[in-house]
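Chemist: Okay, here's the structure, questions in a sec.
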Amino acid sequence: MVMKKEFMRERFGRGSFFILAVIFAACIVIQVFIAGLSIFVSPVNWMNHTMFVHLFGMNLPLLLFVTALIGKIPKWAYLHTFGLLVFIFAMYFTANITDNIPWAGALHPILAMILFMQSAVMVMNSWKMIVKKQVIEGVE
Ligand code: HEM
């Protein structure tokens, strides 16, 4: 009974981690889309770009961390989550330091690409983890 409860808890944590990783990757794509809207449609959208990142930038990595704990996910999950936080911080930095270091702004879209790649790897890793678990369950 205790084993089953533990198993369910782990499953819940790992499933939630995967779903949050997908949402994070989608948020990065939306954030780039909003940047596109700001450039091609109306500069008013920069306000949405700034507002949207405030919604997910710190909150999702925090939730990823909590679900990694619940799901007892191996070390890679913590490293990735920490990596996301570092890159989000770098996004704030490169967007706000342009008065002093103008070329830092040019790094902002490059970091956006790296952030997307990192979140895509996170989605793939957590998907594999869940599928592998299913295979193990199938054998058991
Ligand atoms: C190619 C895509 C992107 C472009 C061209 C771009 C451009 C910009 C620009 C021009 C600003 C300043 C807006 C203003 O001060 O009114 C900004 C702010 C910001 N962007 Fe991006 N961005 C891109 C993608 C991203 C992505 C993917 C993220 C992911 C988290 C992000 C995070 C931020 C943050 C954190 C700020 C600062 C918000 C603040 O100061 O409160 N950007 N971006």
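Chemist: For Thr67, which of the numbered conditions (1) loosely packed, with under 15 Cβ neighbours inside 10 Å; (2) over 10 Å from the mean Cα position of the chain (by Cα) fails to hold?
Modeler: (1)
Chemist: Answer yes if at least one residue in segment 59-76 is of a type in the set (A, V, I, L, M), over 16 Å from Phe18 (Cα atoms) and out of contact with any Ser or Thr (no Cβ under 7 Å at 6 or more places or on another chain), and no otherwise.
Modeler: Taking every residue of segment 59-76 in turn, none turns out to be of a type in the set (A, V, I, L, M), over 16 Å from Phe18 (Cα atoms) and out of contact with any Ser or Thr (no Cβ under 7 Å at 6 or more places or on another chain).
Chemist: Given the criteria touching a residue at least 40 places away in the same chain (Cβ under 8 Å), more than 23 Å from Ile114 (Cβ to Cβ) and not in a loop (DSSP other than H, G, I, E, B), does Phe12 qualify?
Modeler: yes
Chemist: Here's a follow-up. Based on this model, can you work out whether Val29 counts as β-branched (Val, Ile, Thr), within 16 Å of the ligand (Cβ to nearest atom), within 18 Å of the chain's Cα centre (by Cα) and assigned to a helix (DSSP H, G or I)?
Modeler: yes
Chemist: If you don't mind, there's one more thing I want to ask. Can we say Leu84 is touching a helix residue (DSSP H, G or I) at 6+ places or on another chain (Cβ under 6 Å), of a type outside the set (Ser, Thr, Tyr), within 16 Å of Leu20 (Cβ to Cβ) and within 12 Å of the ligand (Cβ to nearest atom)?
Modeler: In short, yes.
Chemist: Continuing with this model, one more query. Can you find a residue in segment 34-54 that is under 22 Å from Met129 (Cβ atoms), surrounded by 15 or more Cβ atoms within 10 Å (Cβ to Cβ) and more than 9 Å from the ligand (Cβ to nearest atom)?
Modeler: Taking every residue of segment 34-54 in turn, none turns out to be under 22 Å from Met129 (Cβ atoms), surrounded by 15 or more Cβ atoms within 10 Å (Cβ to Cβ) and more than 9 Å from the ligand (Cβ to nearest atom).
Chemist: Further, regarding this structure: Would segment 118-138 turn up any residue that is small (Gly, Ala, Ser), more than 14 Å from Ala25 (Cα to Cα) and either in a helix (DSSP H, G or I) or in contact with a Leu (Cβ under 9 Å, 6 or more places away or on another chain) (or both)?
Modeler: Yes: one or more hits.
Every number in this text was worked out from the coordinates using simple rules, so none of it is lab data. Just so it is clear, the model here is predicted, and its values are computed rather than measured. Every residue, glycine among them, receives a Cβ derived from its backbone with ideal geometry; neighbour counts consider all protein chains shown.
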